[in-house]
Each structure stands twice: as C-alpha cells, then as structure tokens.
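Peer 1: Got a structure for you, questions after.
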Amino acid sequence: AVVEQAQSIIKQYPQAFLVWNILGAANIGLRQTEKALEAFKKVTELNPNNADGYINLGITLKDQGKLDDAIDSFNKALLLKPDYAEAYNNLGNVFKYQGKMNKAINAYNKALLLKPDYTEAHYNMGTTLKEEGKLDEAIVQYRQAIASNFDYTQAYNNMGNAFQDQGKLEEAITSYRQALTLKPDYVDAYHNMGNALSGFKFSQTADGM
C-alpha cells in the first residue's frame with residue numbers, strides 16, 4: 001500500500017525526494033532491493049546534499065554485495081555530515097564483511113567517539129573483536145551494548161560465546177539464560193547453552209574423579 005501511494009504521489013511530484021526515500025524504504029521491506037536501489041539513487045540525484053539518502057543507498061548496495069560502491073556512498077554521507085556516527089558504523093560493517101578487521105574497528109571507534117552510547121556500534125565492535133580472538137575486549141563491548149539496551153538478546157548470546165571460548169562456562173551459561181529470559185524461543189541460545197552445560201558437567205565430573 002505504501003509503494004502504491006508513493007508511486008501515485010511521484011507521478012504528480014516527480015522531484016519530491018522525500019517520497020522517493022519512502023518508496024525505497026518500502027521496497028526494502030518487500031525485499032525488492034533493485035527497486036529500492038533505484039529509488040535511493042533518485043534521492044541522491046534530486047538532493048545531492050542529503051546525507052541520509054547516501055546512507056540508505058550505501059546499505060542497499062552492501063546488501064547487493066556492491067561493497068566498494070557502498071563504501072563510496074557512506075564516504076559521501078560523511079563529507080556532507082562529518083559527525084554522522086551511523087555512517088561510520090555502516091562503514092565498519094562493510095570493512096568487516098571484506099575481512100578488513102582493523103579498518104572495521106577503526107570505523108566503529110569513530111562512531112563511538114561521536115556517539116558513546118551507540119548500541120549497534122558496541123555490538124558490531126564486539127563481534128569483530130571476538131573474530132579477532134580478543135575475547136576480553138569483545139566482552140567489554142557486549143557489556144556496553146547491553147548497558148544501553150538491556151533487552152539486547154544477541155549481545156547476551158554472543159557474550160556467552162566469548163565466555164565459552166575462554167572456558168568460563170558458568171559465566172557463559174548465565175549469559176545464555178539471560179538471552180532466553182528475554183527471548184524464550186531463541187534457538188541459537190538454547191544450542192549454545194546446551195554446549196556450555198555439556199562442557200560444565202564434563203569439567204565437574206573430571207574434577208570429581
């Protein structure tokens with residue numbers, strides 16, 4: 001319904017970049033990424049000074065695997081709005097996807113300097129640090145994400161994984177339980193907690209031998 005309404009308005013007002021933006025967002029919701037891409041490109045053509053338009057365009061390009069184009073779009077957003085924390089966070093996501101972990105961490109750090117309570121940037125930094133094997137630092141970032149969003153089930157689950165990688169099974173189980181308290185149908189957390197419980201019981205048996 002939103003797409004139909006937006007298209008109707010655009011026929012009358014083809015220069016209305018805000019309506020093009022709404023059309024792009026609606027197409028994202030419908031998983032019509034090509035149509036969304038066309039709409040977001042139109043936004044940036046009609047209003048080249050719209051930083052949000054470049055962010056939306058960049059996210060869509062990333063979803064299509066056009067990573068260099070996505071980076072270019074996020075950088076254009078930053079030229080227009082140098083304190084745009086969301087642009088740095090999205091840049092970090094692209095760099096992480098490319099396996100450029102140092103660049104990703106640097107981008108997340110810039111996002112957090114601008115917006116210290118940026119939940120997603122803390123979480124994304126945590127996942128990147130965990131992949132790098134920097135488990136203590138990853139746990140710090142997950143705790144920061146949770147501090148700004150107490151219901152962040154993914155952060156609890158991933159923090160549990162980091163604890164489990166460290167062999168801290170009790171802490172891992174506590175994290176998984178918290179995730180499941182918030183989201184009782186969280187399949188990954190059940191699976192991870194099962195592994196942790198199995199390891200914990202084995203360690204208890206070994207200690208008692």
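The values are calculated or read from the model by the stated rules, or taken from the named source; none is laboratory data. These numbers come from a predicted model, not from an experiment. Cβ: placed from backbone, ideal geometry, glycine included. Neighbour counts: every protein chain shown. Ligands, DNA and RNA are excluded from the accessible area calculation, which covers all protein heavy atoms including side chains. Shrake-Rupley method; radii C 1.70, N 1.55, O 1.52, S 1.80 Å.
Peer 1: If you average the sequence gap of Cα pairs under 8 Å that are 6 or more apart and divide by the length of region 16-119, what percent do you get for the contact order?
Peer 2: Worked out over region 16-119, it gives 17 percent.
Peer 1: Given axes a ≥ b ≥ c from the Cα gyration tensor, I'd like to know whether region 108-186 is rounded (a/c under 1.5), prolate (a/b larger than b/c) or oblate.
Peer 2: Verdict is oblate for region 108-186.
Peer 1: I've got another one for you. From Cα coordinates alone, what are the radius of gyration and Dmax values for region 52-128 in angstrom?
Peer 2: 11.1, 30
Peer 1: Considering only Cα-Cα distances, which of the following residue pairs are longer than 31 Å: Lys42/Lys110; Lys35/Lys130; Lys66/Lys110; Lys96/Lys168?
Peer 2: As for pairs spanning more than 31 Å Cα to Cα, those are Lys35/Lys130.
Peer 1: Could you report the chain's accessible area per residue, 1.4 Å probe, as an integer in Å²?
Peer 2: Solvent-accessible surface per residue comes out at 55 Å².
Peer 1: Then there is this: Would you mind calculating the relative contact order of region 143-187 from Cα pairs under 8 angstrom and at least 6 residues apart, reporting the percent as a whole number?
Peer 2: 35 percent
Peer 1: Note the angle between two axes, namely the Cα long axis of helix 51-63 and the longest principal axis of the Cα atoms of the chain, as a number of degrees from 0 to 90, rounded to the nearest 10.
Peer 2: 60 degrees
Peer 1: How much of the calculated P(r) for region 83-136 lies past 19 Å, in percent of all Cα pairs?
Peer 2: So the portion of pairs separated by more than 19 Å is 16 percent.
Peer 1: Could you tell me the relative contact order of region 59-120? Use alpha-carbon pairs under 8 Å, at least six residues apart, and round to a whole percent.
Peer 2: 27 percent
Peer 1: Could you tell me which of Tyr97, Thr44, Thr128 has its Cα farthest along the dipole of the chain towards the positive end, charges placed at Cβ (Lys, Arg +1; Asp, Glu -1), taken about the Cα centre?
Peer 2: Positive-most Cα among the choices belongs to Thr44.
Peer 1: Compute the acute angle (0 to 90°) between the alpha-carbon long axis of helix 187-208 and the principal axis of greatest extent of the alpha-carbon atoms of the chain; round to the nearest 10°.
Peer 2: Taking Cα atoms only, the helix is inclined about 20 degrees.
Peer 1: What label, among (1) 35.8, 133; (2) 38.5, 151; (3) 21.0, 80, belongs to Rg and Dmax of the Cα atoms in Å computed from the structure on display?
Peer 2: Here the calculated entry is (3).
Peer 1: In addition: Which trypsin sites (Lys or Arg not before Pro) in region 1-106 pass both tests, a DSSP loop state and at most 10 other beta-carbon atoms within 10 Å?
Peer 2: Answer by residue number: Arg31.
Peer 1: Okay, next question. In nm, to one decimal, how far is the Tyr97 label point from the Leu182 one, both placed 7 Å along Cα→Cβ?
Peer 2: In this crude spin-label approximation the distance works out to 2.5 nm.
Peer 1: Additional query: At 222 nm, what helix-only mean residue ellipticity would the chain give, in deg cm²/dmol to the nearest 500, using -39500 (n - 2.57) for each DSSP H run of four or more?
Peer 2: Mean residue ellipticity at 222 nm (helix-derived): -26000 deg cm²/dmol.
Peer 1: For the chain, find the longest principal axis of its Cα atoms and tell me its angle to the long axis of helix 17-29, 0 to 90°, nearest 10.
Peer 2: Helix 17-29 sits roughly 40 degrees off the main axis of the chain.
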